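Inspection log for the structure reproduced underneath, given as structure tokens.
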Amino acid sequence: MYVKQLSVFLENREGRLEEALKVLKDNGINIISLSLSDASDFGLLRLIVSDPDEARRVLKESRFSSQVSDIIAIRISHTVGSLFEVLRAITEAGINIEYMYTLSVGVEGASLALKTSDLARTDELIGGMSVHMYTQEELG
Amino acid sequence: MIWNEAKECMPREEIEELQSARLKKLVDRVYHNVEYYRRKMQEVGLEPMDIQGIQDIEKLPFTTNEDLNKAYPLGLLAVPRSEIIRIHATSGTTGKPKIGAYTRRDIDIWAEGVARCMTMAGVTRDDTVLVSYGYGLFTGGLGAHYGAEKIGAMVIPVSTGNTAKLIGMLIDFQATVIACTPSYLLHIAETLEKENKIDQIKLKCCICGAEPWTDEMRAQIEKRLHIKAYDIYGLTEMMGPGVANDCDAHAGLHIWEDHFLPEIVDPATGKHLAPGETGELVITTLTKEGLPLVRYRTHDLTSLSYEKCSCGRTMARIQRFKGRTDDMLIIKGVNVFPTQVEAALLTIDGTTPHYLMVVDRVDNQDTLEIQIEVEERFFSDEIRSLEKLADKVRSVLKTAIGLNARVKLVEPDTLEHSQGKTKHVVDKRKLYD
Ligand SMILES: [Zn+2]
């Protein structure tokens, strides 16, 4: 099960993050989770939002480059080693983890967003484990 | 088809022999008949006998735009005024107009040059040639006209300005050849398409010039009008169109070396560059009587190829024009042309991204930054891919211009907003204060 993630390119300029968020707010788009990654002179904002396609459209109108892509969102229990189990299964299958970040959804346990080199197989692998995978509806 | 095989296919040694003989005569003529040239030669301690052939050409001083301005209108005339039978001139939007002053023989050689070019494009006496360059002071109209007449084709001198009338003539006379600027021809194509008249025309080829055009424009013209497109080159001060033209191989424009001696020099130092290297095109008119030019700097950037062409001609080929020297930047001692940068960026995915070159000087060191807009097609949700894009830009630029540039990815539409669509360079160095 995949979840749609919205990524937005941000130049390292004063106030760009605020501007992107304002565009979403002004258009009634709800932010469920937000994560910001920095490179040397640009940043990537990764969001789970209530309506990703609409969000992309309104961002484009405001001259932001963005993209909607699939990720896998999981919830793991706080027991020791449960994240390790998941990551080991993925790496042992020869799949690369492109990036991973914590989802700030207020539920029991830890929620993570995962992007791998082979999302379909990752989906299969995790499906066979006792790990909860979020659906779009559950998050939205 | 070749108009003058004896000349156009001459072996290289014979071309050079002929050029050497003609250059000697030219130097003699200008030294004795043109005070301006004589003084320039004397200033560098040069006498006619110092020039024994084309191997000595580098000894001769250049002739520049500034010289033409100073000598305006007829200060460089090398024959008595009574020998001149016609004058042409450029519009002179950026200074004094450039003058063409022709003796009867100059007009004949001009017609010969254009006839060679048109024959290269397949024009024969059976063709109907519609000339839609402007007639008048501009060299395009009368230049094409005399060349086509020399071949014996039927010439329709429509000139410019009335597209409806032109299309009428095109259809009524079933013209097979059109000579005009490429942008005007695209306009004609558009009009024909709108009026559903494309299948009423009988054009087989066009001879386009007088402005820079791209391969993309050529492809458009060929596809939309179902014709073959040829590129003709020339400058008023050299004579007009007909100095060079591209053949069916489309691998450069053959320049009539028996009348025009081309050189490629480093625009900054004026020194010769090796065949194939890109630099400024310098032309010496070997046979012009009225207003001869000695080592005239065209400001056009290109390279020369001397290999025999698949069409059979031996005359050197001017490669695709890469820009104007006026746009040249010197960064860390390297000559950089915005067009080189543009061509390099084009290789990334086939379309030039929006970009801006920012040249600066930090601690007495030149720096070059290239800002690239992250358009949607470049976008990725992975930092690594975006960094790869920046690396790719860095490496294609390093290959193209030999400089390490700092690449900065910027948000879409940020560059046009501040800089305007065509501005691609910001030079922050204050070199001349
Ligand atoms: Zn050829």
(message) Can you give me the solvent accessible area of B:K288 with a 1.4 Å probe, rounded to the nearest 10 Å²?
(response) 20 Å²
(request) Would you compute, from DSSP H runs of 4+ residues alone, the mean residue ellipticity of chain B at 222 nm, taking -39500 (n - 2.57) per run and dividing by the full residue count, rounded to the nearest 500? (result) -10000 deg cm²/dmol
(message) Set the bar at 18 Å for Cα to Cα. Now go through B:K40/B:K70; B:K7/B:K322; B:K24/B:K150; B:K388/B:K423; B:K332/B:K428 and name every pair that lies beyond it.
(response) B:K7/B:K322; B:K24/B:K150; B:K388/B:K423
(request) Report the accessible area of B:H187, computed with a 1.4 Å probe over the heavy atoms of all protein chains in place, in Å² rounded to the nearest 10. (result) 80 Å²
(message) As a quick test, which of the pairs B:K96/B:K408; B:K96/B:K194; B:K96/B:K271; B:K204/B:K398 have an alpha carbon distance above 31 angstrom in this structure?
(response) B:K96/B:K408; B:K96/B:K194; B:K204/B:K398
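What trypsin sites (Lys or Arg not before Pro) does region B:91-184 have in DSSP loop regions with at most 14 other beta carbons within 10 Å?
Of the trypsin sites (Lys or Arg not before Pro), the ones in loops of region B:91-184 whose Cβ has at most 14 other Cβ atoms within 10 Å are B:R125.
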(request) Would you mind telling me the antiparallel percentage of the DSSP bridges in region B:329-431, rounded to 5? (result) 60 percent
(request) Between the chain alone and the structure with every protein chain in place, find the residues of region A:96-115 that drop at least 30 Å² of accessible area; heavy atoms, 1.4 Å probe. (result) A:E98
(message) Accessible area per residue for the protein assembly as shown in Å², computed with a 1.4 Å probe and the full protein assembly in place, what is it?
(response) 46 Å²
(message) Sort B:T191, B:T269 by heavy-atom solvent-accessible area, probe 1.4 angstrom, most to least.
(response) B:T269, B:T191
(request) Could you please put B:E112, B:E17, A:E108 in sequence from largest to smallest accessible area, using a 1.4 Å probe? (result) A:E108, B:E17, B:E112
(request) Please work out how much accessible surface B:M217 shows to a 1.4 Å probe, ignoring ligands, DNA and RNA, in Å² rounded to 10. (result) 40 Å²
(message) How many angstrom lie between the Cα centre of region B:343-372 and the Cα centre of region A:1-31?
(response) 28 Å
(request) Just check region B:329-431 against the gyration tensor rule for me: Cα atoms, a ≥ b ≥ c as the square roots of the eigenvalues, rounded for a/c under 1.5, and otherwise prolate or oblate depending on whether a/b exceeds b/c. (result) prolate
(request) Please say if region B:167-211 is rounded, prolate or oblate, where rounded means a/c under 1.5 for a ≥ b ≥ c the square roots of the C-alpha gyration tensor eigenvalues, and otherwise the choice is prolate for a/b larger than b/c and oblate otherwise? (result) oblate
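For chain A, how many pairs of lysine residues have a Cα-Cα distance under 20 Å, where the two are 8 or more positions apart or belong to different chains? Intermediate results must be reported in sequence, preceding the final value.
On the way: A:K4/A:K25; A:K4/A:K60; A:K4/A:K115; A:K22/A:K60; A:K25/A:K60.
Lysine pairs, 8 or more places apart or on different chains, close enough: 5.
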(message) Which residues, if any, in region A:1-44 lose at least 50 square angstrom of accessible heavy-atom surface (probe 1.4 Å) when the other protein chains sit next to their chain rather than the chain being alone?
(response) A:F9, A:E11, A:D41, A:F42, A:L44
(message) Would chain B count as rounded, prolate or oblate if I go by the C-alpha gyration tensor, calling it rounded below 1.5 in a/c and otherwise prolate when a/b exceeds b/c, oblate otherwise?
(response) oblate
(message) Once neighbouring chains are kept in place and the probe is 1.4 Å, which whole percent of the accessible area of region A:72-111 is contributed by carbon and sulfur?
(response) 55 percent
(request) Pick out which of B:L130, B:L185, B:L293 has the largest mean-square fluctuation in a Gaussian network model of chain B, springs linking Cα atoms closer than 10 Å. (result) B:L185
(message) Could you report the buried accessible area between A and B, both sides summed, computed with a 1.4 Å probe and given in Å² to the nearest 100?
(response) 2000 Å²
(message) Compute accessible area for region B:347-386 by itself and then with all protein chains, 1.4 Å probe, and report residues whose area falls by 10 Å² or more.
(response) B:V374, B:E376, B:F379, B:D381, B:E382, B:I383, B:R384, B:L386
(message) Leaving ligands and nucleic acids out of the surface, order B:K228, B:K197 by accessible area at 1.4 Å, largest first.
(response) B:K228, B:K197
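The values are calculated or read from the model by the stated rules, or taken from the named source; none is laboratory data. As the structure is a computational prediction, the values presented were derived from the model and not from experiment. Cβ atoms come from the backbone with ideal geometry, glycine included; neighbour counts cover every protein chain shown. Ligands, DNA and RNA are excluded from the accessible area calculation, which covers all protein heavy atoms including side chains. Shrake-Rupley method; radii C 1.70, N 1.55, O 1.52, S 1.80 Å.
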